[in-house]
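To start, the structure under review is shown below, and the notes come after it.
The values are calculated or read from the model by the stated rules, or taken from the named source; none is laboratory data. On a predicted model such as this, the values are computed, not experimentally measured, just so you know. Backbone-built Cβ (ideal geometry, glycine too); neighbour counts: all protein chains shown. Surface areas here come from the heavy atoms of the whole protein model, side chains and all, with no ligands, DNA or RNA. Shrake-Rupley method; radii C 1.70, N 1.55, O 1.52, S 1.80 Å.
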Amino acid sequence: MSLLARCQWANDTFYFEVNKLLIEKVITNLDEIKDDLQRYHIEKIYMESGDLVKRIQRAKTDHGREIGIRLKESRELKVGDVLYMDEKNLVVVDVLADDLLVISPRSLAEMGEIAHQLGNRHLPAQFEHDEMMVQYDYLVEELLIKLGVPFKRENRKVKEAFRHIGHKHD
């Protein structure tokens, strides 16, 4: 993908390649255009899941293009968000795999117990099907072993950032 900038000086016009983009909004998500993807060349920005919540940041595509992100609206980025689009090219958000504990409770009671324990530690969790996922923590791993709750440690991509929800204890 080549972007050209036009510059006029006196009676001459010059064009030069611009290798940096400034992104101020999310255009769409790949889920919205999935039937039409074969016509595009796709560059990806691989981010850590924690960076999905940042409105202002610098990134680099898998093709080496530097991208400045300064979202005007207050929103989190999601996997598949399209930050740049023209007739042939897309720049898309993707996420690097996180080191996770993937917990598979055998019953609702076991799910309640582990959710209570994790909540007391203020650990953010995500749910996918019948699994609860938390970012790896050796203390949580020890707790799961002690409680006998089935889990596995794996690197897995998540679609959204793990978020702490603030509150106060009175």
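Please give the length that would be gained between residue 48 and residue 73 if that part of the chain were fully extended, namely 0.36 nm times their separation in residues minus their C-alpha to C-alpha distance (nm, one decimal). Taking 0.36 nm per residue and subtracting the Cα distance, the gain is 6.9 nm. Remark: region 60-66, residue by residue, has Karplus-estimated 3J(HN,Hα) of 9, 6, 5, 9, x, 6, 7 Hz, where x stands for each Gly or Pro and the curve is 6.51 cos²θ - 1.76 cosθ + 1.60 at θ = phi - 60°. Ranking 159, 54, 44 from most to least accessible surface, computed with a 1.4 Å probe over the protein chains only, gives 159, 54, 44. Summary of the geometry: region 55-80 and region 124-166, compared by the centres of their Cα atoms, lie 26 Å apart.
Applying 1/(1 + (r/R0)^6) with R0 = 25 Å to the Cβ-Cβ distance of residue 106 and residue 159, what FRET efficiency is obtained, to the nearest 0.05? Can you show the working numbers first?
Numbers: r = 25 Å, r/R0 = 1.02.
Taking R0 as 25 Å, the efficiency between residue 106 and residue 159 is 0.45.
Heavy-atom accessible surface of region 28-170, averaged per residue, reaches 62 Å², computed with a 1.4 Å probe. Residue separation of residue 36 and residue 116 scaled by 0.36 nm, minus their Cα-Cα distance, works out to 24.4 nm of gained length. Amide H contacts under 5 Å for residue 100: 136, 154, 155, 156, restricted to partners 5 or more places along the chain or on a different chain, H placed in the peptide plane at 1.01 Å from N. The residues neighbouring residue 155, those whose beta-carbon lies less than 13 Å from its own, together hold a net charge of 0 under the Lys/Arg +1, Asp/Glu -1 convention. If R0 is 30 Å, the Cβ-Cβ spacing of residue 139 and residue 94 corresponds to a FRET efficiency of close to 0.50.
Expressed as a whole percentage, what fraction of the accessible surface of region 33-170 belongs to carbon and sulfur atoms when a 1.4 Å probe is rolled over the protein heavy atoms?
Carbon and sulfur: 49 percent of the exposed surface of region 33-170.
Just flag the GluC sites (Glu not before Pro) in region 57-139 sitting in loop per DSSP whose Cβ has no more than 10 other Cβ atoms within 10 Å.
73, 87
Taking the inverse of the mean reciprocal distance over all distinct Cα pairs, the Kirkwood hydrodynamic radius of region 35-150 comes to 16.8 Å.
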